[in-house]
Amino acid sequence: MRRDVLVIGGGATGAGVARDLSLRGIDCILLEMGDYCHGASGGNHGLLHSGGRYVMKDRSSASECASENKVLRRIAPFCIEGTDGLFVSVPGDDPGFGDVFKGSCHAAGVPTAELSLKEALSLEPGLDPGITRCFEVEDGSIDPFALVQANVDQARENGATVLNHCRVTGIKVKDGRASDVEYVDERDGQRHEVSPEIIVNAAGSWAPTVAGLAGADLKMALDQGSMLVFDGRCCGRVVNRLRPPSNGDIAVPNHTSTILGTTSRSAPSYEGATVSAGDIDLLKKEAAVLLPGLRNARVVRAYCGVRPLLGGSGGREASRSFSVIRSEDVDNLLSVAGGKLTTYRLMAEKVSDQVCGMLGNSVNCRTHLEELSPGAVPVGGSIASTRLVRKYGAKASSISTSSPKVICSCEQVLHTEVEHVLQSPDVLTMADVMRRTRAGMGYCQGLDCSLAVLDIMVERRHVEAVPTFNDFLDERGRGQTMASGDQRRQEMLREHLLSGVYGLRRKG
Amino acid sequence: MSRNAVVVGMGASGLFSSYLLAKKGWKVTVVGRGTPASAMSTGCIKGQIVNDGCIEEILKMARSNGMPMTGPGTGATNLGTRFDCTLLPVHSMFSDRMPNSITVLGIGGHPSLRPRLTASMLSGWAPKVDAMTADVEISPEMTLAATFRDEALSDRLVEVMKDAAGESILLPPMFTLHDYMRMGELERRCGRRLMEAVTPLGIPGQRFLEMLLSSAVSSGAVVWSGRKVTSIRTNGDRAVQVEVKGGLDSRRLDMDALLLATGGPLVDGTLLSTEGISDPFNTFQTINCPGIGGGYAHIGQRLRDRSGHEMKNAFGAGDCLCSERRSFGNGLATALDDAWMTVQAMEAL
Ligand SMILES: Cc1cc2nc3c(=O)[nH]c(=O)nc-3n(C[C@H](O)[C@H](O)[C@H](O)COP(=O)(O)OP(=O)(O)OC[C@H]3O[C@@H](n4cnc5c(N)ncnc54)[C@H](O)[C@@H]3O)c2cc1C
Ligand SMILES: Cc1cc2nc3c(=O)[nH]c(=O)nc-3n(C[C@H](O)[C@H](O)[C@H](O)COP(=O)(O)OP(=O)(O)OC[C@H]3O[C@@H](n4cnc5c(N)ncnc54)[C@H](O)[C@@H]3O)c2cc1C
């Protein structure tokens, strides 16, 4: 099959590229080995950056974030909560830092205003009463699963082919150009071939591996960050620590939870990244300095993501900016990596510009103008419909709320919602259902609702129950929590029930 | 003159040993609080019971309480997975005579058994497995046992079960100890073999514990439930007194022998050894007992004192000994076997 462009990777970047190219009328296909957001796009903090975090060390990233923040609020309001954010310092933090921060924000074009402490504490009563300074910025929280899905949907509407659960396994190179690309479709295990003019490698942490398939060399450092999900919203705004970026600096309210992050240390590979007990202790300790309530709040999950950082060195010193690299070994291979979820659209635009140049296409980018999921407004404004719109955008209106049978009481997921999601050929596994609905992401981490989902899948999809469930437990196993107190006891009990009573075991 | 024993913990090993001790003429006070792991279990005994004498006692007790047990055998969990047991209630055992066909019966919309899912997991157990839902209106908040007690509803159920395709019907657990005997009558009325799904956190575990409790009480043990033993006083190599707290009430009990059957970390239990279990956050409670600690003796289940010497009259049984074996608990077999062996050791005092 001939195609103009093959995009490898269905994270935010790849999906953004597919959307951008298809809006410019370019024929493209996207292949994703797992589900969308299988990589960093699903394992991140969900913070729509104002740019404030980067003003000190990485001014260009900060400016990119500031302008893309505005664009995303305009084109994808349905999956964004414009919570705003605070940068807060506490006794012991460098007292002069606030002024430097203010000046740097100004220079980078990141809007900010200092609040009186009284004002700050009345906006965020959970803050430690001893805070010393507070600045307001335009942070927000974003649902990456809904965002990426909307990009996929729009790319498809404009003619792109987008396939998840399809892994690229080989790239043939002839005369310095990639010719045929082989991939395996996990639905049936079949091998297929596609012959693109240009390949966009948007495989995130796996980009060096993908480049390697074509014999090309790509240098990248992997840096892992751990995050904790707390039950309930422990703050109404994003709360950042006003100091040079460090561990446990940011708490982001998102859906029914608060996500606390992150840490930074080098990772051997995406698969090799794990959350350690030390990470959890550190995160909790640091965050409790700003929000003392977090000390005793319930952690429902710990997870980590891997940042692909371009260039040899990693860590917090490495740039959060991105680059598009045209391979020296393989002429028609473009790799894109680095950046942020917040700047995914801009990254996609830059890649697409270069693709267009190579193809001799002169259509301009329209991704900052076209709304994603236009018409996505909560009907009636009830909590249920607001939640549906935040997950499904305009498609929420096709989900019936008339017989509100709730199958996940933590996240209030409806039976009809699961049935809606199962209509999509993209959805293969229970985890795919979870990413789309949030069933299983809440307080109880899915012991009960996972059975309800499995029940519907058995009926609708005729899947085999035991392997499907085991695979789900495996995937959930990536987010093991290291809890304490009664919560640890509950975790042990859960584990015991699944393996000791039901004989369902996680691998490894 | 009869001797005083204090038993701490009202799970399987605490109650079973209280029952055995009281039968042998001890004056037993059993103190417990909280929900024991035993009541959360499936009430089906996993693992090996080593002592024939122990098995005999359990079988006898089960028979006289109207819930005969049998084994070894395999039950089906409410999810349709296999559950291999040493001993289990007769209506839970599948494997002695594998049926040719099984109907999985869900009751109303009650989530305790999802018939389609369970049937799909069970496929392969019998040549034919199908799913069926009895169309009876019950809310998830209502207990299934209450459904079954309602005469009209239970008649409806019989009618539904008469139409089942399977020669065996797998039901969600809804029979309390009091009702268990009626399963036979129900079987006759619908002409099917009735199998109860093996389920944790529900009626079967509570039923098993109820049986142990009523046996202990009727053999003369004094039961102090809802109370916690907060400290143990020792004198040389003997444990001599415990402090028991419940609400505002606080008492001291003197004793000739002490048995700790306080369960493990899975419930709010007490670990007798600090070795072998990872507890980085100091999660698990301990009883304040300056004289005892640092381990226990395997033989005769005797506890040791700080310096490693055996205590003369202090014992442990069940999950509180599990740290050196498994952090999740040893299972009912060990809890009961331990209890039985401890009683032998106490008799020899
Ligand atoms: C801990 C952490 C916290 C972060 N927090 C934030 C934040 O709060 N805000 C923010 O804006 N950004 C944040 N980021 C950054 C952001 O998550 C990433 O920059 C962004 O998600 C990268 O998207 P991507 O599409 O480039 O990569 P990925 O999402 O990793 O996508 C790559 C995809 O390629 C696929 N793939 C790989 N190999 C193959 C193959 N052979 N065939 C087919 N498919 C393949 C993978 O399955 C994967 O889905 C964070 C990152 C981390 C690690
Ligand atoms: C969900 C679940 C399912 C299980 N399923 C099975 C199964 O199907 N088959 C099987 O064989 N095993 C099963 N097990 C394991 C089995 O239940 C345990 O190994 C066994 O019940 C342990 O019995 P025990 O008497 O030692 O402790 P427990 O039953 O835990 O009893 C100890 C009691 O002592 C109380 N206590 C603790 N400290 C004090 C104190 N200081 N003062 C007063 N009281 C105190 C505790 O609160 C508790 O109530 C299961 C366990 C769980 C949790």
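Structure notes:
- Three-way shape label, segment A:395-441, alpha-carbon gyration tensor, a/c 1.5: oblate
- Taking the Cα centre of segment B:72-199 as reference, the dipole from Cβ charges on Lys and Arg (+1) and Asp and Glu (-1) amounts to some 360 debye.
- Cβ-based net charge around residue B:116, under 9 Å, with every Lys or Arg adding one and every Asp or Glu removing one: -1
- When you filter the trypsin sites (Lys or Arg not before Pro) in segment B:1-93 for DSSP loop state and at most 11 other Cβ atoms inside 10 Å of their Cβ, nothing is left.
- Note on residue A:123/residue B:185: beta-carbon distance plugged into 1/(1 + (r/R0)^6) with R0 of 45 Å gives a FRET efficiency of 0.10.
- Positive dipole terminus of the protein assembly as shown, leading residue within A:412, A:447, A:269 (C-beta point charges): A:447
- For chain A, the fraction of alpha-carbon pairs in successive 20 Å shells from zero, as %: 23, 58, 19, 0
- Both radii come from the Cα set of segment A:225-326: Rg as radius of gyration, Rh as Kirkwood radius; their ratio Rg/Rh reads 1.00.
- The protein assembly as shown: translational diffusion in µm²/s, Stokes-Einstein, Kirkwood Rh over Cα pairs, 37 °C, 0.692 mPa s: 108 µm²/s
- Efficiency of FRET from Cβ geometry, residue B:48 and residue A:403, R₀ 41 Å, rounded to 0.05: 0.25
- Taken about its Cα centre, chain B carries a charge dipole of about 540 debye when Lys and Arg each add +1 at the Cβ and Asp and Glu each add -1 at the Cβ.
- Remark: accessible area buried at the A-B interface is about 2500 Å², both chains counted, probe radius 1.4 Å.
- In segment B:137-239, the GluC sites (Glu not before Pro) that fall in loop regions by DSSP, at most 12 other Cβ within 10 Å: B:137, B:141
- Rh (Kirkwood; distinct C-alpha pairs) - chain B, Å: 21.3 Å
- Excluding ligands, DNA and RNA, the accessible surface per residue across segment B:72-199 is 39 Å² with a 1.4 Å probe.
- What you get for chain A, charging only the Cβ of Lys and Arg (+1) and of Asp and Glu (-1), is a dipole of about 640 debye around the Cα centre.
- Inter-part distance where segment B:83-117 and segment B:36-73 are each reduced to a Cα centre, Å: 19 Å
- Seen from residue B:229, the other residues with C-beta closer than 10 Å to its C-beta sum to a net charge of +3, counting Lys and Arg as +1 and Asp and Glu as -1.
- Over 23 Å (Cα to Cα) - which of A:350/A:391; A:284/A:391; A:219/A:350; B:46/B:128; A:118/A:285 fall in this group: A:350/A:391; A:284/A:391; B:46/B:128; A:118/A:285
- Segment B:11-30 residues near the modelled residue B:56 label - backbone nitrogen below 19 Å, point 7 Å along Cα→Cβ: B:16-25
- Projecting the Cα atoms of B:203, B:184, B:50 onto the charge dipole of chain B (Cβ charges, centred on the Cα centre) puts B:50 farthest toward the positive pole.
- Of the solvent-accessible surface of segment A:83-201, computed with a 1.4 Å probe over protein heavy atoms with every protein chain present, carbon and sulfur atoms account for 50 percent.
- Listed by chain and number, the lysines whose C-alpha is less than 27 Å from the C-alpha of residue B:228, apart from same-chain residues fewer than 8 away, are B:23, B:24, B:27, B:245, B:312.
- Portion, in percent, of the accessible area of segment B:72-199 that falls on carbon or sulfur, probe 1.4 Å: 50 percent
- Of the accessible area of segment B:212-260, computed with a 1.4 Å probe over protein heavy atoms only, carbon and sulfur atoms account for 45 percent.
- Overall form of segment B:72-199: rounded. Here a/c, set by the Cα gyration tensor axes a ≥ b ≥ c, is under 1.5.
- In plain terms, if you count all Cα to Cα distances in segment A:318-450 and split them into 10 Å steps from zero, the share in each step is 11, 28, 24, 23, 13, 2 percent.
- Separation between Cα centres of segment A:342-403 and segment A:1-53, rounded to whole Å: 12 Å
The values are calculated or read from the model by the stated rules, or taken from the named source; none is laboratory data. Treat the numbers as computed from the prediction; the structure is a model and nothing was measured. Cβ coordinates were reconstructed from backbone atoms using ideal geometry, including for glycine residues, and neighbour counts include every protein chain displayed. Areas reflect the complete protein model, heavy atoms only, side chains present, ligands, DNA and RNA absent. Shrake-Rupley method; radii C 1.70, N 1.55, O 1.52, S 1.80 Å.
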